[in-house]
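Chemist: Have a look at this one.
The values are calculated or read from the model by the stated rules, or taken from the named source; none is laboratory data. This one's a predicted model, so the numbers in the text were calculated from it and none came from an experiment. Cβ placement follows ideal geometry from the backbone for every residue including glycine, while neighbour counts extend to all protein chains displayed. For the accessible areas, the whole protein counts, side chains as well, though only heavy atoms, and no ligand, DNA or RNA atoms are used. Shrake-Rupley method; radii C 1.70, N 1.55, O 1.52, S 1.80 Å.
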Amino acid sequence: MAAGKSLRICEKGHKFYKTSECKSCPVCDKENKPKSGFLSKLSAPARNALGFEGIDTLEKLSYYTEKEILKLHGIGPASLPIMRTSLEEEGLSFKE
């Protein structure tokens, strides 16, 4: 085990190690991954970040600028092309 990792147990009883204060359980994240839609294409940290902000549809995502989305903890630059393409497929885009 790497230094700095601490054992966590989620409310469902899954045991996992984390180096950050993030409370996200990787087992629960896998179990809760959507089967379809734009959220299914994103990493668990990105899905969690959007979910925490209440962004669960492309319409809601379109109310934000790319810069605002990138400021969310869990969203990285690799997520932007996925979100951008998903928005474009529905005739939407990020706010300017």
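Chemist: What 222 nm value per residue comes from the helices of the chain, counting each DSSP H run with n ≥ 4 as -39,500 (n - 2.57) and dividing by all residues, nearest 500 deg cm²/dmol?
Modeler: Result for the chain, helices only: -9000 deg cm²/dmol.
Chemist: Oh, and also: Run the accessible area of the stretch 30-76 with a 1.4 Å probe and give the carbon-and-sulfur part as a rounded percent.
Modeler: So the carbon and sulfur contribution to the accessible surface is 55 percent.
Chemist: Using the heavy atoms of the protein chains alone and a 1.4 angstrom probe, what is the accessible area of the chain per residue in square angstrom?
Modeler: Heavy-atom SASA per residue in the chain reads 69 Å².
Chemist: Are there cysteines in the chain with no second cysteine's Cβ under 4.7 Å away, and if so, which?
Modeler: C22
Chemist: Quick one: which residues, 5+ away or cross-chain, put their amide H under 5 Å from the amide H of Y64? H built at 1.01 Å from N.
Modeler: So Y64 has HN proximity to K95.
Chemist: Given just the C-alpha atoms of the chain, how large is their convex hull per residue in cubic angstrom?
Modeler: In the chain, the Cα hull volume divided by residue count equals 107 Å³.
Chemist: For the chain, what relative contact order do you get, as a whole percent, if you take Cα pairs closer than 8 Å and at least 6 residues apart?
Modeler: The normalised contact order for the chain reaches 21 percent.
Chemist: Could you size up the charge dipole of the chain around its Cα centre, putting +1 on the beta carbon of Lys and Arg and -1 on that of Asp and Glu, and report it in debye to the nearest 20?
Modeler: 620
Chemist: Show me, for the stretch 10-26, the HN-Hα J-couplings you get by feeding each phi into the Karplus relation (A = 6.51, B = -1.76, C = 1.60, θ = phi - 60°), rounded to Hz, glycine and proline as x.
Modeler: With the stated coefficients, the stretch 10-26 comes to 7, 5, 8, x, 6, 9, 7, 10, 9, 9, 10, 7, 4, 9, 5, 8, x Hz.
Chemist: Then there's this: Report ³J(HN,Hα) in whole Hz for each residue of the stretch 48-54, in order, from the Karplus equation J = 6.51 cos²θ - 1.76 cosθ + 1.60 where θ = phi - 60°; Gly and Pro get x.
Modeler: 5, 4, 5, x, 4, 8, x
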